[in-house]
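Everything below concerns the one structure shown next.
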Amino acid sequence: MKNAALLNTLEQQLDKLRQLAAPLAQHATIGARFDRQLFQTRSTLMQSCLDEATVNLAALRRAVEGNHLEQVAWLAERLAAQIAALTRESAVWPLRAWDHASPGIARWQRRRLQHQEYERRLLAMKQAREQRLNAVSTLVEQQQLHKEVEALAGRLARCRQALDNIERVLARLTR
């Protein structure tokens, strides 16, 4: 009976913590959130830590059912420490604006979308000029359109290079 009450209390605390941490569960941070001895996950997302605590609660339930007293004591202590750490992290999250990786990532993702749109428009303009180049018959128009196609090809190459740079930055930020 005592174990069942303890398990229910831990489950209720974990549920409250999930609700409290829901707004920031998917926000990544620059560095690890917790000590590696407290949470095994390498993810910087709060959701990953909540998931690990949920797994530990399930393991605690199994240990109680199997009557493994040493494992029950260790898991209960670990889960209580994890819940306390997650509660503290949720409480101080607004004070850690410098550690939020998400705004930077979001800004780079917006830049990537913007450059992808530039690339699409440049490609469409280049293709339209090439079609017109194939259709014109005068030498002056051909020379003019050929210059425009070359200029658009250069702009397209620079746009693709910028996209590659943005992808590298995003890969570095999301490691």
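The table below gives the values:
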read-out	value
Pair list, Cβ < 9 Å and 6+ apart or interchain, from the stretch 109-137 residues that are farther than 26 Å from residue 168 by Cα to residues that are of a type in the set (Lys, Arg) and at pLDDT 90 or above	125/155; 126/155
Given (1) modelled with pLDDT under 90; (2) not assigned by TED's automatic domain parsing to the domain that holds residue 21, index of the condition residue 89 fails	(2)
Any hit, the stretch 121-135, residues being surrounded by 11 or more Cβ atoms within 10 Å (Cβ to Cβ), among the acidic types (Asp, Glu), at pLDDT 90 or above and more than 30 Å from the chain's Cα centre (by Cα)	yes
Any hit, the stretch 20-43, residues being free of Cβ contacts under 8 Å to residues at least 40 places away in the same chain, under 26 Å from residue 174 (Cβ atoms), assigned to a helix (DSSP H, G or I) and out of contact with any helix residue (DSSP H, G or I) (no Cβ under 6 Å at 6 or more places or on another chain)	yes
Residue in the stretch 150-165 that is closer than 30 Å to residue 33 by Cα and part of a helix (DSSP H, G or I) present	yes
Filter result (closer than 30 Å to residue 33 by Cα and part of a helix (DSSP H, G or I)) within the stretch 100-149	102, 103, 104, 105, 106, 107, 108, 109, 110, 111, 112, 113
Unique match (being more than 30 Å from residue 108 (Cβ to Cβ), within 43 Å of the chain's Cα centre (by Cα) and in the same structural domain as residue 116 (by TED's automatic domain parsing)) among 167, 141, 150	150
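The values are calculated or read from the model by the stated rules, or taken from the named source; none is laboratory data. Since we're looking at a predicted model, the values are computed, not measured. Ideal geometry is used to build each Cβ from the backbone, glycine not excepted, and the neighbour counts take in all protein chains shown.
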